[in-house]
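Accompanying notes for the structure given below.
The values are calculated or read from the model by the stated rules, or taken from the named source; none is laboratory data. Everything quoted here is computed from the prediction, not taken from an experiment. Methodologically, a virtual Cβ is constructed for each residue, glycine included, from the backbone with ideal geometry; neighbour enumeration extends over all protein chains shown.
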Amino acid sequence: MDFSPSTPSTAVQKPFDSVLVANRGEIALRVQRACRELGLRTVMVCSEADRDADYLTMADTAVCIGPAPPGQSYLNKPAILLAMQLTGAGAVHPGYGFLSENAAFAEAVEEAGAVFIGPGASAIRTMGDKIAAKKAMMAAGVPCVPGPDSALPEDMQEIADIAGGIGYPVIVKAAGGGGGRGMRVVRDIKDLQDAVLVTREEARRAFGTPELYLEKFLEHPRHIEIQVLCDNHGGAVWVGLRDCSMQRRHQKVVEEGPAIGIPPDVAAFVGNRCVEACRQIGYRGVGTFEFLYERGEFYFIEMNTRLQVEHPVTEMTSGIDLVRQQLLVALGQPLEIGQSDIGCDGHSIECRINAEDPYTFVPSPGVITRLRLPGGPGVRVDTHVSAGYRVSAHYDSLIAKLIVHAPTREQAILRMRRALSEMQIDGVSTNLPLHRRIFEDPAFVAGGTDIHHLEHWLAERS
Ligand code: ADP
């Protein structure tokens, strides 16, 4: 098993004055903005489908790295590394998705003499293997879902004993799983064998490793996550909690922070355990610990070793620019903030605005013919699109993130309703109508809904 060093990496961070942004869309623009504010030169890469993207015109250099399909462009490691070398970029920011959690890419960037803006390859590898991650978390005292921190044996009787020991329902999960795939809920011993065989085969094909593990299936949890930020000198802080329970098919739709109804001492206890885990694995940069939260208890499910889509929620309530911090850490600077400097001001909510049918969720590529963005106090829109922009069928349908910030959750909800009513996008279908209805849903407005609420609510309305 690949375990990371127990002390922070001592690798000397090379200073750099230019950053290649190995991503596209709103996050490419978000990273570009942070670079420019720090006086760093930006190299943006793009696929042929993104050649007309407006953010390319604001970059110092733009390089086309291949055709539209991600495998030939944004996932094309040799093309990105070549662009890095040709432009002399001293660092690579991977954004989220694409190559952001690819340990081999992180290694290749560093071997080519540049800085990968993220944790070391060994930390990415450990967290990419869910069994190794669980083992590392248990060792650091982070609360995990009941179940062993080891791979399932081959023998069915032994597997049945493990499941019986945990107690049904259980969930069979692939060690290499991701994106909500590679897991199966088992409610009765008679279904256990089939679930194990099918998930093992799926894991072998989709993730390249047949390793599985078993844990307790929690029936009504909330999805609560903790943002961390670490430097390369042993400095590590947790920056707040987010509630991302409003999901459909494991895809987050609305995110908010702080997570309401969680006692501050419980949050601080788990936050501090996360920080301890970061120290133990020598973690560097930003990261997110994802938990299920049920009946007052936290249960670790996975760590994301990158910037999250929903990072603005934490930026609004903490006042910390997480992307700027990522860049400073990559430049080798020690964190300027300690745990006692971090507060939580008011409440923030983010809506993911997708180009898709609001009820069938089928993607809706095409040209945006008209765009009206909301504004005013406490409203932030992170987007790369403008009127005339063509939404490509090749990529994720996220076209904007609408974020509000207000002194209280109640005021944030009122502000989001107002912002959603101002926002108008014509030419493609979007999920704006769905968001408008979510913000009228009494259960959501009351707060604390579980991860199944949105799907049940949608099913009742179809
Ligand atoms: P992925 O890497 O595919 O996102 P996760 O481990 O983060 O996988 O789990 C994705 C989702 O699956 C969770 O947000 C939750 O909805 C559900 N899930 C995972 N583990 C459990 C569990 N032990 N009990 C209940 N639901 C779970």
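Of all residues in the range 236-281, those being among the hydrophobic types (A, V, I, L, M, F, W, C), more than 16 Å from the ligand (Cβ to nearest atom) and under 16 Å from the mean Cα position of the chain (by Cα) number 2. Sort out which residues of the range 141-171 are closer than 22 Å to residue 128 by Cα and within 10 Å of the ligand (Cβ to nearest atom), and write them in order of number. Within the range 141-171, 144, 145, 146, 147, 170, 171 meet the criteria. Residue 272 passes every criterion in (1) in a strand (DSSP E or B); (2) of a type outside the set (A, V, I, L, M); (3) touching a helix residue (DSSP H, G or I) at 6+ places or on another chain (Cβ under 9 Å) apart from (1).
Among (1) among the polar types (S, T, N, Q); (2) part of a loop (DSSP other than H, G, I, E, B); (3) free of Cβ contacts under 8 Å to residues at least 60 places away in the same chain, where does residue 157 come up short? Only one criterion in (1) among the polar types (S, T, N, Q); (2) part of a loop (DSSP other than H, G, I, E, B); (3) free of Cβ contacts under 8 Å to residues at least 60 places away in the same chain is unmet by residue 157, namely (2).
The rows are residues; the columns are (1) in contact with a Pro (Cβ under 7 Å, 6 or more places away or on another chain); (2) surrounded by 23 or more Cβ atoms within 10 Å (Cβ to Cβ); (3) at pLDDT below 95.
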{"position": "290", "(1), (2), (3)": "no, no, no"}
{"position": "293", "(1), (2), (3)": "yes, yes, no"}
{"position": "323", "(1), (2), (3)": "no, yes, no"}
{"position": "330", "(1), (2), (3)": "no, yes, no"}
{"position": "335", "(1), (2), (3)": "no, no, no"}
{"position": "346", "(1), (2), (3)": "yes, no, no"}
{"position": "353", "(1), (2), (3)": "no, yes, no"}
{"position": "366", "(1), (2), (3)": "no, no, no"}
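For the range 346-356, the criterion of being closer than 27 Å to residue 450 by Cβ and either free of Cβ contacts under 8 Å to residues at least 12 places away in the same chain or of a type in the set (A, V, I, L, M) (or both) is satisfied by at least one residue. For the range 104-120, taking the residues that are assigned to a helix (DSSP H, G or I) and buried (at least 21 other Cβ atoms within 10 Å of the Cβ), the one that is farthest from the ligand (Cβ to nearest atom) is identified as 109. Within the range 439-457, the set of residues being surrounded by fewer than 16 Cβ atoms within 10 Å (Cβ to Cβ) and in a helix (DSSP H, G or I) comprises 442, 443, 445, 446, 455, 456. If you check 123, 133 for being closer than 20 Å to residue 331 by Cα, of a type in the set (Gly, Ala, Ser) and part of a helix (DSSP H, G or I), only one passes: 123. Only strands (runs of 3 or more DSSP E) whose full extent lies in the range 161-259 are considered here, and the ones with at least 2 residues that are within 30 Å of residue 357 (Cα to Cα) and touching a residue at least 24 places away in the same chain (Cβ under 8 Å) are 222-230, 236-248, 251-257. Scanning the range 403-422 for residues that are out of contact with any Asp or Glu (no Cβ under 7 Å at 6 or more places or on another chain) and assigned to a strand (DSSP E or B) yields 404, 405, 406. Across the range 182-231, which residue is nearest to residue 269 (Cα to Cα) among those that are of a type in the set (Gly, Ala, Ser) and within 12 Å of the ligand (Cβ to nearest atom)? Ranking the candidates gives 182 first.
When 244, 274 are checked against the criterion of being touching a strand residue (DSSP E or B) at 6+ places or on another chain (Cβ under 9 Å), buried (at least 24 other Cβ atoms within 10 Å of the Cβ) and more than 30 Å from residue 397 (Cβ to Cβ), 274 stands alone in meeting it. Looking at the range 378-393, is at least one residue assigned to a helix (DSSP H, G or I), surrounded by fewer than 20 Cβ atoms within 10 Å (Cβ to Cβ) and either within 16 Å of the ligand (Cβ to nearest atom) or not small (Gly, Ala, Ser) (or both)? No: the range 378-393 contains no residue that is assigned to a helix (DSSP H, G or I), surrounded by fewer than 20 Cβ atoms within 10 Å (Cβ to Cβ) and either within 16 Å of the ligand (Cβ to nearest atom) or not small (Gly, Ala, Ser) (or both). Residue check: is residue 127 without any contact (Cβ under 8 Å) to a residue 60 or more places away in the chain, in contact with a strand residue (DSSP E or B) (Cβ under 9 Å, 6 or more places away or on another chain) and not small (Gly, Ala, Ser)? So residue 127 fails the test. Only one of these conditions is not met by residue 128: (1) surrounded by fewer than 19 Cβ atoms within 10 Å (Cβ to Cβ); (2) modelled with pLDDT under 95. Which number is it? Only one criterion is unmet by residue 128, namely (1).
Within the range 277-322, the set of residues being in contact with a helix residue (DSSP H, G or I) (Cβ under 7 Å, 6 or more places away or on another chain) and hydroxyl-bearing (Ser, Thr, Tyr) comprises 283, 305, 314.
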